[in-house]
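The values are calculated or read from the model by the stated rules, or taken from the named source; none is laboratory data. This structure is a prediction, so every number in the text was calculated from the model and none was measured. Cβ: placed from backbone, ideal geometry, glycine included. Neighbour counts: every protein chain shown.
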Amino acid sequence: MPLTIAEYTPDTFASRIGECFHFTTADERALRGLELSLTLLEVRGPKRPDANGREPFSLLFAAPGDIPFLQGLCLLHHPDFASEQLFMTRVMPPRGKSSEEYGSYYEAIFG
């Protein structure tokens, strides 16, 4: 059975670094239906749960080329995960990376 967003932890994604994830923009404001193929670069976050037992973490993705999408809801399409809407934000290239290596970087935060 596909994993739901309530089941996501840093370990869920740690073994998937380098994997391509497919999204469709779902935001009502602009660019609805834009298909994104994003490569998971990093799983960031503390290794200990917060007071509620949840491990806050974030996922850093990269896309080739310059995509006009800046931020908003994106629907995840992956056989191992339930279709979930994630809020993605375009971020600056991480330290040690350049925009030539990948055109755009996006982050999804879970808390």
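Close Cβ contacts (under 8 Å, 6 or more residues apart or on different chains) running from residues in the stretch 1-15 that are under 14 Å from residue 111 (Cα atoms) to residues that are among the charged types (D, E, K, R) and not in a helix (DSSP H, G or I) comprise 5/84; 9/55; 10/47; 10/55.
In this entry, residue 65 is excluded by the filter for residues that are farther than 16 Å from residue 109 by Cα, at pLDDT 90 or above and surrounded by fewer than 17 Cβ atoms within 10 Å (Cβ to Cβ). Restricting attention to the stretch 83-111, the residues that are part of a loop (DSSP other than H, G, I, E, B) and among the aromatic types (Phe, Trp, Tyr) add up to 1.
Starting from residues that are surrounded by 14 or more Cβ atoms within 10 Å (Cβ to Cβ) and modelled with pLDDT under 90, keep the ones in the stretch 10-30 and report whichever is farthest from residue 78 (Cα to Cα). Don't jump to the end; show me each part of the working.
So in the stretch 10-30, the residues surrounded by 14 or more Cβ atoms within 10 Å (Cβ to Cβ) come out as 10, 12-13, 16, 21, 23-27.
If we keep only those that are modelled with pLDDT under 90 as well, we get 25-27.
On the way: 25: 14, 26: 16, 27: 19 Å.
By that ranking, first place goes to 27.
Confirm whether residue 36 is outside any helix (DSSP H, G or I), modelled with pLDDT under 90 and closer than 14 Å to residue 85 by Cα. So residue 36 passes the test.
The residue that is modelled with the highest pLDDT, among those in the stretch 97-111 that are exposed (fewer than 15 other Cβ atoms within 10 Å of the Cβ) and more than 11 Å from residue 41 (Cβ to Cβ), is 109.
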